[in-house]
Amino acid sequence: MRQVFLDTETTGLNPEGGDRIVEVGCIELVDRRYSGRRLHHYVNPQRASHPEALRVHGITEAFLADKPLFAAIADELLAFVDGAELVIHNAPFDLGFLDAELARLGRPPLARCVARVTDSLLLAREAYPGKSNTLDALCKRLEVDNRGRELHGALLDAGLLAEVYLRLTRGQGALVIDAADSRRDPLQGGPADLRGFVLPVLPASPEEAAAHEAVLAEIDRASRGATVWRRLAAP
């Protein structure tokens with residue numbers, strides 16, 4: 001199973017009003033393990049970011065001035081996600097921007113290029129109804145280390161999302177899995193033969209036996225002889 005975890009940063013909140021993508025990041029997992037493949041691009045949006053968006057991601061217009069346009073990275077992005085399950089936190093937001101960029105190029109919506117789209121925000125809301133389910137909140141709740149996230153970044157957030165998703169859906173501890181562990185057969189050598197194993201029996205001391213008999217006698221008196229274990233134990 002191939003999954004691609006995707007995140008974007010944008011100039012604002014409204015793709016229909018002209019806001020554009022400034023960064024896209026993708027992390028690939030195969031069979032729930034990090035494959036080592038990733039995609040990351042800064043994109044020249046040909047417009048300035050809103051002050052609120054700039055405070056979130058810190059990607060300035062000057063920094064983006066020499067970066068490629070979305071048209072220059074579109075084919076690479078589509079090839080990277082082709083046929084995979086696409087996992088996005090608050091998928092409608094990112095897909096709205098990606099589909100707007102693709103529409104400008106005469107391309108179909110991104111969902112047509114992938115096997116399916118999974119919105120991890122919906123999964124989190126099912127798991128933690130009534131609680132904050134932002135990526136930061138989930139990192140804290142699921143003990144994913146996000147100390148390096150002073151500002152939002154598409155590739156960083158895609159990696160954090162992959163960690164959160166694994167813990168949210170199965171409880172797997174981390175993306176980094178020792179190769180030897182993954183190859184180890186838990187039943188290597190076959191099931192253990194316990195036929196020769198004898199459990200030790202520790203006999204009760206005379207004092208313990210007497211105390212036990214006293215308790216049984218008291219229960220017998222309290223139940224007015226209704227106990228049955230002595231009759232069942234009789235030969």
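Readers should treat all values here as calculations from the given coordinates under stated rules, not as data from a laboratory. In this text the structure is predicted, and so the values were computed from the model without any measurement. Positions of Cβ are generated from backbone atoms using ideal geometry, with glycine treated the same way; all protein chains shown enter the neighbour counts.
Laid out as a table, the results:
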{"read-out": "Highest average packing first - 24-30, 210-216, Cβ atoms within 10 Å", "value": "24-30, 210-216"}
{"read-out": "Under Karplus coefficients 6.51, -1.76 and 1.60, residue-wise ³J(HN,Hα) of the range 95-111 in Hz, glycine/proline x", "value": "5, x, 6, 5, 5, 5, 5, 5, 5, 5, 9, x, 9, x, x, 4, 4"}
{"read-out": "Neighbourhood charge, 15 Å Cβ-Cβ cut-off, centred on Asn44 and excluding it, Lys, Arg +1 and Asp, Glu -1", "value": "-2"}
{"read-out": "Set of the range 122-162 residues, backbone N closer than 11 Å to the point 7 Å along the Cα-Cβ line of Val56", "value": "152-153"}
{"read-out": "Rounded to whole Hz, the Karplus (6.51, -1.76, 1.60) HN-Hα couplings of the range 88-94, x for glycine and proline", "value": "9, 8, 6, 4, x, 5, 5"}
{"read-out": "Sequence-distant residues sharing a close amide H with Ala115 (under 5 Å, placed H)", "value": "Gly83, Ala84, Glu85, Leu86"}
{"read-out": "Alpha-carbon centroid distance for the pair the range 200-225 / the range 1-58, whole angstrom", "value": "72"}
{"read-out": "Cut-off under 5 Å, modelled amide H: who pairs with Arg37 long-range", "value": "Glu28"}
{"read-out": "For Thr10, distant residues with modelled amide H under 5 Å away", "value": "Val22"}
